[in-house]
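Enquirer: Supplied in structure tokens, the structure appears directly below.
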Amino acid sequence: MEKSDLSLTDKLAIDRTNLANERTFLAYFRTFIVFISSGFAIIELDILTDIRWVGFILISIAPLLFLIGLLRFFYVKKGIKKYY
């Protein structure tokens, strides 16, 4: 089935799916930013010296979250292109 053969409803459904995929990636990215900034804040604040280890854990988990989000984004994008 070529793109030109799709009805307007199908084209809109594909657009909605693409937008949902992008929103999901942005949620992963937002979580990545929050983990990084929270980790640095915990490490830098003198009041929170007892839980500095939490900051290091947050900073070490953040790139993993970003990578998972990025891989998922491209995997779903590839699946969408495969069927349409």
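Every number in this text was worked out from the coordinates using simple rules, so none of it is lab data. Predicted model only: the values in this text are computed from it and were never measured. Cβ placement follows ideal geometry from the backbone for every residue including glycine, while neighbour counts extend to all protein chains displayed.
Enquirer: Would you indicate which of (i) 19.1, 63; (ii) 17.4, 56; (iii) 12.5, 43 is the value of Rg and Dmax of the Cα atoms in Å derived from the coordinates of this structure?
Expert: Step by step, Rg and Dmax of the Cα atoms in Å for this structure corresponds to label (i).
Enquirer: Projected onto the charge dipole of region 3-83 (+1 at Lys/Arg Cβ, -1 at Asp/Glu Cβ, origin at the Cα centre), which of 7, 49, 73 gives the Cα projection farthest towards the positive end?
Expert: 7
Enquirer: So, one more: Tell me the mean residue ellipticity at 222 nm calculated for the chain from its helices only (DSSP H runs of n ≥ 4, each -39500 (n - 2.57), averaged over every residue, nearest 500). Before the final figure, lay out each step's value.
Expert: Numbers: 2 runs with 69 residues, N = 84.
Taken over the chain, the calculation gives -30000 deg cm²/dmol.
Enquirer: Once phi is turned into ³J(HN,Hα) by the Karplus curve 6.51 cos²θ - 1.76 cosθ + 1.60 with θ = phi - 60°, what whole-Hz value does each residue of region 75-80 show in order, with x for glycine and proline?
Expert: In residue order, the calculated couplings are 5, 5, 4, 5, x, 5 Hz.
Enquirer: A further question follows. Working out 0.36 nm times the residue gap between residue 56 and residue 80, then minus their Cα-Cα distance, what length gain in nm do you get to one decimal? Can you show the working numbers first?
Expert: Numbers: separation 24, 0.36 × 24 = 8.64 nm, distance 3.70 nm.
4.9 nm is the gain from fully extending residue 56 to residue 80.
Enquirer: Excluding same-chain residues fewer than 8 positions from residue 78, which aspartates and glutamates have a Cα within less than 15 Å of its Cα?
Expert: 15, 22
Enquirer: May I ask you to evaluate 6.51 cos²θ - 1.76 cosθ + 1.60, the Karplus curve with θ = phi - 60°, for each residue of region 21-26 and list the ³J(HN,Hα) values in order in whole Hz, giving x for glycine and proline?
Expert: 5, 5, 4, 5, 4, 5
Enquirer: Applying the Karplus parametrisation 6.51 cos²θ - 1.76 cosθ + 1.60 with θ = phi - 60° to the phi angles of region 53-64, what ³J(HN,Hα) value in whole Hz is obtained for each residue in order, glycine and proline being reported as x?
Expert: Result, ordered by residue: 4, 5, x, 5, 5, 4, 5, 6, 7, 4, x, 5 Hz.
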